[in-house]
Amino acid sequence: MPGAQWFSGLTAPLSLPNLPRTSERNKMKKTPLLIISLVLLSINALADSQTAPKKDVGFADYYLKEFEAEVKRAQGSANTMFRNKNEALKRVQALMQAYPEDPAVQALYERTRTALMMSKGNYMPITPAMVAYLNNEKELREKYAKLSEVKWAELQQGRELVTKVFPTEDPLKTTPDASPVGKTIVLPEVLYPDNQFVGASGEYIAVGKPSTGFYYVNISGREWLGAYEAIKRFRREVDGSLGESHNFTVLGTVQGPVMEIPGNRRMNMAWGWVVEPEALYIDGRIVASFDAEHEKGGFYAEEDKVAAIKQGWYTEKSVPEDATPERVMEIFLAAIKEKNYALYEQCINPERRKTETGKSLLRYHWDLHQERLHGEYVHATFSDTKITVARGFDDKNDLENFFLDDAQKDHLTKMQGEKVEYATVQSQAYDANGKQIGVKHTHKLIRKGGARWYVDDYAIRF
């Protein structure tokens, strides 16, 4: 039947296209999300690979801050041990090599560079004028070296000299003909104060050894002191590089034998010939002689001409009455550099040089200043002046004076007596290469009654 055929057609399976199953369709929907997630994870991983761990950055920052604090405390001095320097540099270097694009690491790197340069010390240009004193002194030193060589040869002319210095004549076995007594001797290698000693019969310098015999240079009398003090004046006035320990060649007269225990030596008593000095010679430097008629007991060659020669050096010759504390310190430094001892004294508080002890201390610290300006630094700058009124009415105190009229000010001025002011000035020293030496030092100056400023603590180094 047709109807049956129609019904059977309805019940026959339909021919539909091959569609994905439900699970497969869900997978297809999830695929783009998975890809996006993977991309995001890759981006995050890449970002993480370029960012330093916070823990490592924190440790580096800690050590860097410690290093920066040490540099600040050093105040520009390079002669400082920085305990955290290497640790800070190592940590920042490791971070910079591993994470060069991390802004936090880049910031640490820049801070490290700045701190490292500051740790090397401050520098300033050294001009020829700042070291002119060294060149002037060198020329004068060379002049006196040649002059002293000629003078030393003249002192030996026409003298009966001991021809064989060592080994010495044995005092117990010598004959009258061989005895050196009364003869002139040129005795080298006289080390003072190294071989100085006080014996039973006087104060001497021992020269020699047990196997070849001894000479004992007598330093108890005026003969030695007159010549030696002339050497000290030469150091003070001409050659500041001359130290305290010297190797002299002594021209003197052999006096006679004496038995002593040579100082600073672990040995028995030994016979030796006493030598009375007449002149002292430092080879290539200066010769000084004893002179009983000289006002100072002795002199060095052409000592009387030194002052005239140095007049041409001086850049400062007096202290102006209106000089500021910083200006006084500049003049004080120039006086030391140029070996102008008179100006050096003029800069110093008169109360400091009233007594003989005070004058001796001035000379002592002059020598120390000379040594420093020939071995440690060549120049100094001055700054940061602060002035305080220690006694008397302070007419510069604007806060108090705002409440006082002229009559009250006059009354306080009379009542409180002479005005005494102190000033502090900071100095900073530099070597010949312009490198800062040490940290700043504080110098104190004093002014009384509105007069000019004087250096009060002249012993302080620059």
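The values are calculated or read from the model by the stated rules, or taken from the named source; none is laboratory data. If you're wondering where the values come from, they're calculated on a predicted model, not measured in any experiment. We place every Cβ from the backbone using ideal geometry, glycine too, and count neighbours over all the protein chains shown. With ligands, DNA and RNA removed, areas are computed over all heavy atoms of the protein, side chains included. Shrake-Rupley method; radii C 1.70, N 1.55, O 1.52, S 1.80 Å.
The residue that is nearest to the chain's Cα centre (by Cα), among those in region 56-77 that are surrounded by 15 or more Cβ atoms within 10 Å (Cβ to Cβ) and within 24 Å of His441 (Cα to Cα), is Ser77.
Of these, Glu203, Glu223, which one is under 16 Å from Glu260 (Cβ atoms) and open to solvent by 10 Å² or more (accessible area, probe 1.4 Å)? Outline the logic, then answer.
Values: Glu223 fails: under 16 Å from Glu260 (Cβ atoms).
Only one candidate passes the filter, namely Glu203.
Considering only residues that are of a type in the set (Gly, Ala, Ser) and buried (at least 20 other Cβ atoms within 10 Å of the Cβ), which ones fall in region 321-342? It would help to see each step written out before you state the result.
So the first thing to find is which residues in region 321-342 are of a type in the set (Gly, Ala, Ser), and the list is 323, 334-335, 342.
Residue satisfying the conditions is Ala335 alone.
For region 172-194, what are the residues that are touching a residue at least 24 places away in the same chain (Cβ under 8 Å) and open to solvent by 30 Å² or more (accessible area, probe 1.4 Å)? Give the steps one after another, and end with the answer.
At the first step, the residues of region 172-194 found to be touching a residue at least 24 places away in the same chain (Cβ under 8 Å) are 172, 180-194.
Answer for region 172-194, where residues must be touching a residue at least 24 places away in the same chain (Cβ under 8 Å) and open to solvent by 30 Å² or more (accessible area, probe 1.4 Å): Leu172, Val181, Gly182, Lys183, Val186, Pro188, Glu189, Leu191, Tyr192, Pro193, Asp194.
Against the test of being over 23 Å from Val250 (Cβ atoms) and outside any loop (DSSP other than H, G, I, E, B), the options Leu280, Leu368 yield a single qualifying residue, Leu368.
Restricting attention to region 352-368 and to residues that are under 13 Å from Glu244 (Cα atoms) and touching a residue at least 12 places away in the same chain (Cβ under 8 Å), the residue that is least open to solvent (accessible area, probe 1.4 Å) turns out to be Asp367. Considering only residues in region 230-274 that are under 30 Å from His294 (Cα atoms) and among the basic types (Lys, Arg), the one that is most open to solvent (accessible area, probe 1.4 Å) turns out to be Lys232.
The criterion of at least 3 residues that are at pLDDT below 95 is met by the following helices (runs of 4 or more DSSP H) wholly inside region 292-352: 306-310.
In the set (1) in a helix (DSSP H, G or I); (2) at pLDDT 90 or above; (3) more than 43 Å from the chain's Cα centre (by Cα), the condition left unmet by Thr51 is number (1).
Only one residue in Tyr123, Tyr144, Tyr109 is of a type outside the set (A, V, I, L, M) and in contact with a helix residue (DSSP H, G or I) (Cβ under 7 Å, 6 or more places away or on another chain), so which one is that?
Details: Tyr123 fails: in contact with a helix residue (DSSP H, G or I) (Cβ under 7 Å, 6 or more places away or on another chain); Tyr144 fails: in contact with a helix residue (DSSP H, G or I) (Cβ under 7 Å, 6 or more places away or on another chain).
That would be Tyr109, the only listed residue that is of a type outside the set (A, V, I, L, M) and in contact with a helix residue (DSSP H, G or I) (Cβ under 7 Å, 6 or more places away or on another chain).
On the stretch given as region 408-427, residues that are out of contact with any Asp or Glu (no Cβ under 8 Å at 6 or more places or on another chain), under 11 Å from Asp394 (Cα atoms) and among the polar types (S, T, N, Q) total 1. For region 356-367, the condition of being under 17 Å from Ala429 (Cα atoms) and among the basic types (Lys, Arg) holds for none of the residues.
Scanning region 380-405 for residues that are surrounded by 13 or more Cβ atoms within 10 Å (Cβ to Cβ), modelled with pLDDT of 90 or more and either charged (D, E, K, R) or in contact with a helix residue (DSSP H, G or I) (Cβ under 8 Å, 6 or more places away or on another chain) (or both) yields Ala380, Phe382, Thr385, Ile387.
Out of the residues in region 417-462 that are among the small types (Gly, Ala, Ser) and assigned to a strand (DSSP E or B), which is most open to solvent (accessible area, probe 1.4 Å)? For region 417-462, the residue satisfying everything is Gly438.
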